[in-house]
1. At 1.4 Å probe size, with every protein chain present, just tell me what the per residue accessible area of the chain comes to in Å².
2. Pop a pseudo-label 7 angstrom from the Cα along the beta-carbon direction at both Ala83 and Glu97 and give the gap in nm to one decimal.
3. Could you check which residue among Pro65, Pro137, Pro118 shows the biggest mean-square fluctuation in a GNM of the chain with a 10 Å Cα cutoff?
4. Could you work out the percent of alpha carbon pairs in region 50-152 separated by over 19 Å, rounded to a whole number?
5. Return the long-range amide H neighbours of Phe31 (sequence gap of 5 or more, or a different chain), with a cut-off of under 5 Å between placed amide H atoms.
6. May I ask you to give the percent of accessible area on region 38-118 that is carbon plus sulfur, with a probe radius of 1.4 Å?
7. How do 67-74, 43-50, 88-95 rank on mean C-beta neighbours within 10 Å, highest first?
8. Run the dipole for the chain about the Cα centre, Lys and Arg Cβ at +1, Asp and Glu Cβ at -1, nothing else charged, and hand back the magnitude in debye, nearest 20.
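The values are calculated or read from the model by the stated rules, or taken from the named source; none is laboratory data. Computed from a predicted model, the values in this text were never measured in an experiment. With ideal geometry, Cβ positions are generated from the backbone for all residues, glycine too; neighbour counts draw on all protein chains shown. Keep in mind that these areas ignore ligands, DNA and RNA; they rest on the heavy atoms of the full protein, side chains included. Shrake-Rupley method; radii C 1.70, N 1.55, O 1.52, S 1.80 Å.
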Amino acid sequence: MSLMIGLTALPAAADAVAEVTALLCDRTIHFADQIEFTSYDGRASLWYAGMDEMIVGTWEVVETPDGRIDVCYKYQPGSFGFADDGLYCHDYARWRETIQAGGVRDGDRFGLETGRIPFRLPAFPALPPAGFDADYPDQPRHAVCDASAPVS
């Protein structure tokens, strides 16, 4: 079954952090040139186009001082082959627009937490999430995740 995040207005900020965290808890997220598994315990496993190794780190949802909701990832500095501090925070409202249609899937469908990539992901064209269904079905989410997280 293909899931897609609901693109409705966010609730009040205090509730939004919990809601977005529940939405991402133990889910595989398909972007154009990368696929990320966001584990229930805050670990992140990034399968990035053109790379032969998994990029591992952590994720969290935070409220910024100005009330914006950010999805943040922390990787080892230089993980992407250039000098950086490894911290990437994205405005949730903009971040969710970069997710492919049907691109929020239950569980670690590719086994990314093993640290191994299934194959080298091409940068272009982006592979649609449904194209993986036969070989990589959705997996159950961890019991601590809110099963009622908003998906449609």
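1. Computed with neighbouring chains in place, this is 51 Å² per residue.
2. Inter-label distance under the simple model: 3.2 nm.
3. Pro65
4. Of the Cα pairs, 59 percent sit more than 19 Å apart.
5. When sequence neighbours closer than 5 places are left aside, the close amide H contacts are Glu36, Gln100.
6. Of all accessible area on region 38-118, carbon and sulfur atoms account for 49 percent.
7. Answer by packing, highest mean first, reads 43-50, 67-74, 88-95.
8. The calculated dipole for the chain is roughly 260 debye.
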